[in-house]
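Step one of this worksheet: look at the structure below.
Read-outs throughout are calculated quantities, based only on the coordinates presented, and are distinct from any laboratory measurement. Bear in mind the structure is a predicted one, so any value in this text is a computation, not a measurement. Methodologically, a virtual Cβ is constructed for each residue, glycine included, from the backbone with ideal geometry; neighbour enumeration extends over all protein chains shown.
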Amino acid sequence: MLNRILAPLSAAWKEATDSQVWTSIFRHGKPVSNRNRALVMMSNVFLHLHPVKSRKAGIKLRYTWCMGGITFFLFLVLTFTGLLLMFYYRPTVEYAYADIVDLQEHVPLGIMRELHRWGAHAMVITVWLHMLRVFMTGSYKPPREFNWGIGVVLLVLTLLLSFTGYLLPWDQLAIWAIAVGSNMARATPLLGTEGPLSASLTLGDISLINAGNDARFALLGARSVGQPTLLRFYVLHCVGLPLVAAFLMAVHFWRVRKDGGISGPM
Amino acid sequence: MIDLFKDLVNWASGPTVLFTIATLGLLAAFRFTQVWSKTSAKVFFVVLAVFYTASMWDPDFFLIVAKPDNIPITGVIFLVFFFTWYAMHQGIQNDRRSAGEEEVLERQESEKVWVWPDLVYTEMLAMVILSIVLLVWSILLAAPLEQPANPADSPNPSKAPWYFLGLQEMLVYFDPWLAGVVFPTLIIVGLMAIPYIDTNPKGNGYFTFKERKAEIVIFLFGFLILWCLLVVSGTFLRGPNWNFFGPYEYWDVHRVEPLLNVNVSDFFWVKLLGRPLPTGGFFAALMREWLGILMVGAYLFVLPVVMSWPRERFPTGLKWLSCHHYFEKMGATRYYLGVSLFLMMMSLPIKMYLRWAFNLKYIVAFPEIFFNI
Ligand code: HEM
């Protein structure tokens, strides 16, 4: 009985994998022979991030927790869902909130916002755990010092991505969280109106640092959280920060390989 | 009975008690490494899960824990506990192996294996599981959306996103220029500097505790206590006006906490000498603050030098202060960089305890130029 169903299926599978279309995409046989296992890793642009062979301990779940990989996967999920959100969302004080409401209430299968928000929370946690793992295995030690540094920048970028995204729904939660966060910039030494020593920056009688040009103003594009802030955060969130993060991830992965693959006892 | 338990938990969640218990608990776990066993992990997680589930019947606990944007905090609590345990557990197992003439697990498994299928399948499985988790989470729980933004109506409490609440909690003890600008910068710089400060060649590429005790104790104290604990308590235990509320307490907006904080200058001039604070001009301000300036200067610039002295130069009872062996091992530059960063980190708990013990507000206070420490 089972055979009656499976036989045609496997015939169809064979038919498909022998077709010109399939063989033009995957230029080698199934990865069951060692030769093909090597070929599959080398001829696929995504898989070739990996080496062909690797130390057994280093690829164990128990060692890496796959945490860096999970973080990267979440980044991809966020890029994809974020793109869909951009179809509906307009970054203006007038429309932003209404667009979010529409997204949740009128878009069919509308869980993109949920996927994006929960995914972002999850990514913050997984970056922390990835850092914890890298620390606890001593993987920042030579020759991986520089890649640890890249990692720290990625950590900061992840937090900034999350922070800039927090403002976009333009609800009470959003603007006040950003207000609290950005109030700190007012206290930047030398560059914030209420920062130490800023008052000493004067030209004659004119004080150089005021609420219209200090560090907080640069962050918000205004004296308080408003339309310029929304636009600024939107551009950073959707274009600026993801580009930098993607670029640094490329460097990060490249260096994992060039530093000798996943760390292990010397 | 239940009320008594709730009162106890509320009391134990207070900033002072919670911070002290957590720190002592962590230090004890480093001292008595048997606790990182599988059995104690199971007991711990069952207790935590039971506590969490049972508490859901308390309306105040439920209200704060079940807020959609606070769900990640529950995740942080369980995941951080689990992975810390997992790393330490493996480290201690490896330490046993190397003590018993056996090689650490990661060295035993140094043979090369094919990445397809061994790694690729694991990754695929991780992606599938994670996708399912995310989908279920997203279907079950709607993303929060509050009232439209209203710049005229600030909520109480106004909180930053949860991952910055450790910094917001620091605002209780430090002014914004330190808590919001200097310390975040130092955290980033300090993290990046770790590989260049830490010259211990051991423990590279495998879990271990014994071979890297100092590094692990310092890092985990920073990560678990000064970062994660403050994030968790900032989310769950800080209510209106950033006042402390126990997990079973109602967030009463009208609760007033008396603020009787005093500065070091008050202690010296008013309490000790019984005089008014010196006033008028720059030099009066310097005179007013001389003791605080001296204390901060000594802490940041003299203490590192003193700590580099050999043990013999310390009187009995203070010998533990000597970090001479680190000075020898690391060289002057690394030593001073490392010790300075470490002391900066420790300034947070020090300031916390000074506040709790003496109601101390500022050690150095120049409110005229927003320079308060
Ligand atoms: C967006 C954030 C990040 C992504 C996507 C990412 C991704 C990855 C991946 C996929 C690996 C391969 C091994 C593994 O999965 O553990 C890796 C390794 C590594 N990561 Fe990250 N990472 C990120 C952030 C960080 C952070 C915050 C740090 C440290 C502060 C860091 C330091 C390292 C180091 C040193 C390695 C090499 C580890 C080894 O060879 O054992 N990364 N990262």
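Observations on the model:
- Karplus (6.51, -1.76, 1.60) ³J(HN,Hα), θ = phi - 60°, over segment A:54-67, in Hz, Gly and Pro reported as x: 8, 5, 4, 4, x, 9, 5, 4, 5, 8, 8, 6, 6, 5
- Among A:A246, A:V153, A:S139 - extreme Cα towards positive end, dipole of chain A, charges at beta-carbon: A:S139
- Tail fraction, Cα-Cα pairs, segment A:22-129, threshold 23 Å, whole percent: 54
- Alpha carbon centroid spacing (whole Å) that separates segment B:192-247 from segment B:140-156: 32
- Shielding by partners, peptide A:194-200 (average Cβ within 10 angstrom, other chains): 5
- Neighbour-count order for B:M1, A:M136, B:M124, fewest beta carbons within 10 angstrom listed first: B:M1, B:M124, A:M136
- For segment A:10-17, 3J(HN,Hα) per residue [Karplus equation, 6.51 cos²θ - 1.76 cosθ + 1.60, θ = phi - 60°, Hz, x = Gly/Pro]: 6, 5, 5, 4, 5, 3, 5, 6
- For segment B:264-372, the Kirkwood hydrodynamic radius from C-alpha pairs, put into Stokes-Einstein at 37 °C and a viscosity of 0.692 mPa s, yields a diffusion coefficient of 205 µm² per second.
- Stokes-Einstein D in µm²/s, Kirkwood radius over Cα pairs - the protein assembly as shown at 4 °C with 1.567 mPa s viscosity: 47
- Amide proton proximity set for A:K53, modelled H, under 5 Å, gap of 5+: B:V115
- Linear extension gain, A:L49 paired with A:L231, 0.36 nm per residue minus alpha-carbon span: 62.0 nm
- For q = 0.11 Å⁻¹, Debye-computed log10 I/I(0) when each Cα of chain B counts as one equal scatterer: -1.04
- Working ranking of peptides B:80-91, B:48-59 by packing, defined as the average number of other Cβ atoms within 10 Å per residue, highest first, is B:80-91, B:48-59.
- In degrees, nearest ten, helix A:241-258 long axis to first principal axis of chain A (Cα): 50
- Average beta-carbon neighbours from other chains, 10 Å sphere, peptide A:102-109: 1
- Shape category assigned to segment B:196-348 from the gyration tensor of Cα positions, a/c cut at 1.5: oblate
- Selection of chymotrypsin sites (Phe, Trp or Tyr not before Pro), segment A:1-81, meeting DSSP coil and at most 11 other Cβ within 10 Å: A:F46
- Label-point gap, in nm, between B:D7 and B:V50 - each point 7 angstrom along Cα→Cβ: 2.3
- Paramagnetic reach from B:W320 in segment B:191-221 [backbone N under 16 Å; point 7 Å along Cα→Cβ]: B:214, B:217-218
- For peptide A:222-229, the mean count of partner chain Cβ atoms within 10 Å of a residue's Cβ comes to 1.
- Amide H contacts of A:D171 (H built 1.01 Å from N, under 5 Å, at least 5 apart or other chain): B:A149
- Cα centroid of segment B:261-340 to Cα centroid of segment B:85-115, whole Å: 43
- Surrounding net charge for B:K202, when Lys and Arg each add one and Asp and Glu each subtract one, Cβ distance under 11 Å: +1
- For segment B:1-100: rounded, prolate or oblate by the Cα gyration tensor [a/c cutoff 1.5]: prolate
- Per-residue Karplus couplings for segment B:16-33, computed as 6.51 cos²θ - 1.76 cosθ + 1.60 with θ equal to phi - 60°, are listed in order as 4, 5, 4, 4, 5, 4, 4, 5, 5, x, 5, 4, 4, 5, 6, 7, 9, 6 Hz, Gly and Pro entered as x.
- For B:F371, the residues 5 or more places off, or on other chains, whose built amide H falls under 5 Å of its own are B:F366.
- The calculated P(r) of segment B:64-103, using every Cα pair and 10 Å bins from 0, goes 27, 28, 20, 14, 9, 1 in percent.
- Stokes-Einstein diffusion for segment A:61-258 at 4 °C, viscosity 1.567 mPa s, with a Kirkwood radius from C-alpha pairs, works out to 69 µm²/s.
- Global geometry of segment B:103-149, whether rounded, prolate or oblate, following the gyration tensor of its Cα atoms and the 1.5 cut on a/c: prolate
- Spin-label model distance (nm) - B:I350 vs B:E368, 7 Å beyond Cα toward Cβ: 2.6
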